[in-house]
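Okay, structure first, notes after.
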Amino acid sequence: MKSYIIMAALSLLAGGLSAQVSLDEALRSVEANNKDLRANGQLIQSQKLEAKLDNNLPDPSVTYSHLYGNKEGMGFTGEFIASQSFDFPSVYYQKNKLTKAKAAGLDRQAMAFRQQILLQAKEVCLDLVLLNQQRNLLRIRLENAERLSDLYAMRLERGDANILGTNKIDLELLNVKTEARMNEAARVAKLEELRALNGGIAIEFADTVYDLSAEIPSFEELKAEAMEADPQLRVLRSDQMTASRQVSVNKAKGLPSFQLGYRMNPSSGGDRYNGFLVGISIPLFSNRNYVRQAKALNLYAEIRLESASFTVESELRRLYDQAMTLKSAMDEYEGVLRSRNNLALLNKAIQAGQISMIEYFVDVTTYYQSVRNYLQLQNQYQKVIAQLYKYRL
């Protein structure tokens, strides 16, 4: 990328502030301190543990019954049963695969949420870069306006200038001061937004230049990488995998379940019978329609993934075209501003009386507006690039 400091005056935009925290450092700080990320991490851990609950064995069962006869001499008899039921072994195998699929899906949800928070923080930092640049540009304007105000006040006393020209300069000075106050208010608001994302810890982000970005590849290259790594699509792929595993689990639940145990029957005569308890449960009714329901959910997950893929690709194309348009406009501004850096010449000319006040303000207003437009284009371009490459965060 070409340097964003495009001329001597714009070079001052980078020199007025010294960065205390870089963009990467700010993002790492947000990742470590953001309370929503920490809360989401605990939620994901809870959901992973919940996913494992379905693969536990049923609790063992212990029962004892004591029966008395209704005639004298019959005594009593009792029954003690300890048993354990369990599903067919293949059910636990399929449930284990389902648990792993759910855990992978939850990890990808956590990653998507993390990238969402970091993208929000990055956009705030990019806005701060713009506001810091604008603050330095306003500082340059203010210095020029103050010098001219002092100069024309002296000329007015000597009779070399009229009150109209002096008033126009004073009005420019007032406008610059007002814009500087508004800029500072916006900058403080963005710093507060960044502090909130950083868990209430302030970050002194004072960068005035953007990180140099690599040239954007062709759309097909970008699409191949982005579609594979897009956080939303990765979550939906995990959902589809989980739904597919659920079909296998529901099919396995159609197999019989078993019960094994120990049984003892004591009686008042001292006789006691001991033995084993074996049972089998055939799911003729309890598993009805479970497989059909799981297959319908799996089909829904497949269609949802397909629909989201089209949406993500369309959004990528929109962002890519927007980035190309912004890049072209930036290059045009950069070429013009490089070749027509006449701010210093204008200041010398107005101080020497070579041009009128009207000519000066027309030219200097056009110049400052062009610089502001260029800075805005930079900011928009950087935000689009951040969205294009959000999966790299």
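The values are calculated or read from the model by the stated rules, or taken from the named source; none is laboratory data. This one's a predicted model, so the numbers in the text were calculated from it and none came from an experiment. Quick reminder, even Gly has a Cβ in these numbers, built from the backbone with ideal geometry, and neighbours come from all protein chains shown. SASA here: full protein model, heavy atoms, side chains in, ligands and nucleic acids out. Shrake-Rupley method; radii C 1.70, N 1.55, O 1.52, S 1.80 Å.
Accessible area per residue for segment 258-300 in Å², computed with a 1.4 Å probe and the full protein assembly in place, what is it? Present the calculation step by step, with values, prior to reporting the outcome.
On the way: 3450 Å² over 43 residues.
Heavy-atom SASA per residue in segment 258-300 reads 80 Å².
What whole-number value in Å² describes the accessible area per residue of segment 153-253 for a 1.4 Å probe?
On the way: 5480 Å² over 101 residues.
For segment 153-253, the solvent-accessible area averages 54 Å² per residue.
Multiplying the sequence separation of Tyr93 and Asn70 by 0.36 nm and subtracting their Cα-Cα distance, what value in nm do you get? Walk me through the numbers before you get to the answer.
Numbers: separation 23, 0.36 × 23 = 8.28 nm, distance 5.13 nm.
That works out to 3.2 nm of additional length.
Report, in debye and to the nearest 20, how large the dipole of segment 100-195 comes out about its Cα centre when Lys and Arg carry +1 and Asp and Glu carry -1 on their Cβ.
Working: 17 positive and 14 negative charges, 146 e Å.
Roughly 700 debye, rounded to the nearest 20.
What the Cβ-Cβ distance of Met324 and Leu174 gives, at R0 = 45 Å and to the nearest 0.05, is a FRET efficiency of 0.65.
If you filter segment 101-210 for trypsin sites (Lys or Arg not before Pro), then keep DSSP loop positions with at most 10 other Cβ within 10 Å, what is left? Before the final figure, lay out each step's value.
On the way: sites: Lys102, Arg108, Arg114, Lys122, Arg135, Arg139, Arg141, Arg147, Arg155, Arg158, Lys168, Lys177, Arg181, Arg187, Lys190, Arg195; in loops: none.
Listed in order of number, the matching sites amount to none.
Computed from the Cα positions only, the extents of the chain along the three principal axes stand at 138, 46, 28 Å, in decreasing order.
Between Ser286 and Ala189, the contour length at 0.36 nm per residue exceeds the Cα-Cα span by 29.0 nm.
Positive-end ranking of Cys125, Met111, Phe76 along the dipole of segment 37-139, with charges on Cβ about the Cα centre, is headed by Cys125. Phi-derived couplings, Karplus 6.51 cos²θ - 1.76 cosθ + 1.60 at θ = phi - 60°, listed residue by residue for segment 288-295: 5, 6, 5, 5, 4, 5, 5, 5 Hz, with x used for Gly and Pro. When the chain is treated as a Gaussian network with alpha carbon springs shorter than 10 Å, the biggest mean-square fluctuation among Asp230, Asp239, Asp331 belongs to Asp331.
I'd like the trypsin sites (Lys or Arg not before Pro) in segment 224-328 restricted to DSSP loop residues with at most 12 other Cβ atoms within 10 Å, sorted by number.
Values: sites: Arg234, Arg237, Arg245, Lys251, Lys253, Arg263, Arg272, Arg288, Arg292, Lys295, Arg304, Arg317, Arg318, Lys327; in loops: Lys253, Arg288.
Sparse-neighbourhood loop trypsin sites (Lys or Arg not before Pro): Arg288.
Against the main long axis of the alpha-carbon atoms of the chain, helix 231-252 sits at an angle near 10°. Candidate cross-link partners of Lys52 among the aspartates and glutamates, defined by an alpha-carbon separation under 20 Å and a same-chain spacing of 8 or more, comprise Asp87, Asp107, Asp239.
What part of the accessible area of the chain, given as a whole %, is carbon or sulfur when the probe is 1.4 angstrom? Please report the intermediate quantities before stating the final value.
Values: 12160 of 22280 Å².
The computed percentage sits at 55.
Can you pull out the GluC sites (Glu not before Pro) in segment 186-241 that DSSP calls coil and that have at most 15 other Cβ atoms within 10 Å? Could the numbers behind the result be given before it?
On the way: sites: Glu192, Glu193, Glu204, Glu215, Glu220, Glu221, Glu225, Glu228; in loops: Glu204, Glu215.
Listed in order of number, the matching sites are Glu204, Glu215.
Computed from Cα positions, the angle between helix 343-352 and the longest principal axis of the chain comes to roughly 30 degrees. Under 19 Å from a label point set 7 Å out along the Cα-to-Cβ vector of Val336, the amide N atoms of segment 363-392 belong to 363-381.
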